[in-house]
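Remarks on the structure that follows.
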Amino acid sequence: MSAKHQRLEQNEISERAARLYKLLEASEWIVEDSGEEPTTDYSFIYVKDINSLYMPDEYKDLVREGNAKIAYQNLYIEIFKQFFNLSNKVLLDEGYAQKTRDTEIEYMLILLKSGKYAIFEGDIDKVSIPLPPGIGLAHTHPHVCLFSYKDIETTSYLFEKGYITSSVITTECTAHLSRLGPYTIDDLKALKDLHKRLEKAKTLDEVVKVYNDFKSNSVKLFLSLNQP
């Protein structure tokens, strides 16, 4: 399937999310390399002794010596918040969710590491494209704002590739699966189990029960109502 309507743009929200993602990448590089857990003020990351660290060139301008009040792990939730705002602004405020409700043609939003975001038009009940490296992905559903079992499979793949969050959005509500830490083997197993149980579920009540039973160390499910 080839996408039809396509856009590639950026705004303050997408640029902010990309900056935060790069701070997170730099923080995790430091943890892996030295064992030190940096702090952050959401503009830079801070370490005790900058001269004792070897930093790749792409991260050097992000690191300061000192101590901030915020643990670097909070970058996960801050990135999620920015993507939440972006997906609402683009898919809700610009009418893509309503188009899906009216026509059942789905749309996909991908936030790229560059700070740009892309919109793709799919087909009725699906949108499928090769997925580039990115930060977050959201797609519209016509009625039910829950992940299908195929969506769960895609989300697990995204997390393995470094994405932070995946969302399903309708005019009435949004479901988010978001990483609040590194994607571990246990998280992968939890999503595989969720995929299997959703594939077997036959009714909406069964689907809701599967979601209520979902537990994972780093991956969390968030549901939000969308304002009319």
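Let's see how each residue does on (1) under 23 Å from Pro133 (Cα atoms); (2) at pLDDT 95 or above; (3) within 15 Å of the chain's Cα centre (by Cα):
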| position | (1), (2), (3) |
| --- | --- |
| Ala3 | yes, no, no |
| Ala17 | yes, yes, yes |
| Leu20 | yes, yes, yes |
| Leu23 | yes, yes, no |
| Asn51 | no, no, no |
| Gly66 | no, yes, no |
| Ala97 | no, yes, no |
Single residue of Val90, Val127 found to be β-branched (Val, Ile, Thr), at pLDDT below 95 and closer than 24 Å to Leu221 by Cα: Val127
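Would you point out the residue of region 155-197, among those that are of a type in the set (Phe, Trp, Tyr) and without any contact (Cβ under 8 Å) to a residue 40 or more places away in the chain, that is nearest to Tyr96 (Cα to Cα)?
Step one: filter region 155-197 for residues of a type in the set (Phe, Trp, Tyr), giving 157, 159, 163, 183.
Now drop any that are not without any contact (Cβ under 8 Å) to a residue 40 or more places away in the chain, which leaves 157, 163, 183.
Values: Tyr157: 25, Tyr163: 22, Tyr183: 30 Å.
Residue satisfying both the conditions and the ranking: Tyr163.
Yes or no: region 194-201 includes at least one residue that is within 11 Å of the chain's Cα centre (by Cα) and either surrounded by 21 or more Cβ atoms within 10 Å (Cβ to Cβ) or closer than 23 Å to Glu106 by Cβ (or both).
No - not one qualifying residue is present in region 194-201.
Can you name the helices (runs of 4 or more DSSP H) wholly within region 1-119 that have at least 1 residues being crowded, with 18+ Cβ neighbours inside 10 Å?
Because the criterion is at least 1 residues that are crowded, with 18+ Cβ neighbours inside 10 Å, the helices (runs of 4 or more DSSP H) in region 1-119 that meet it are 12-34, 74-87, 96-103.
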Qualifying residue in region 171-179 (condition: under 23 Å from Glu9 (Cβ atoms), of a type in the set (Lys, Arg) and at pLDDT 95 or above): no
Of all residues making up region 207-228, the number that are of a type in the set (Ser, Thr, Tyr) and at pLDDT below 95: 2
Breaking point among (1) crowded, with 21+ Cβ neighbours inside 10 Å; (2) of a type outside the set (A, V, I, L, M, F, W, C); (3) more than 25 Å from Ser27 (Cα to Cα), for Thr155: (3)
Subset tally (residues that are without any contact (Cβ under 8 Å) to a residue 60 or more places away in the chain and of a type in the set (Gly, Ala, Ser)) for region 1-34: 4
Condition check for Leu137: surrounded by 13 or more Cβ atoms within 10 Å (Cβ to Cβ), in a helix (DSSP H, G or I) and of a type outside the set (Lys, Arg): no
Enumeration of residues in region 202-222 that are surrounded by fewer than 18 Cβ atoms within 10 Å (Cβ to Cβ) and either outside the structural domain of Thr154 (by TED's automatic domain parsing) or under 15 Å from Ile164 (Cβ atoms) (or both): Ser218, Leu221, Phe222
Contacts under 7 angstrom Cβ, first residue in region 100-116 being closer than 15 Å to Pro133 by Cβ, partner of a type in the set (S, T, N, Q) and outside any loop (DSSP other than H, G, I, E, B), 6 or more apart: Leu111/Ser14; Gly115/Ser14; Lys116/Ser14
Residue identified as at pLDDT 95 or above and within 30 Å of Cys145 (Cβ to Cβ) among Ile110, Ile105: Ile110
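The values are calculated or read from the model by the stated rules, or taken from the named source; none is laboratory data. None of these values were measured; they are calculated from a predicted model. Heads up, the Cβs are rebuilt from the backbone with ideal geometry, glycines too, and the neighbour counts pull from every protein chain shown.
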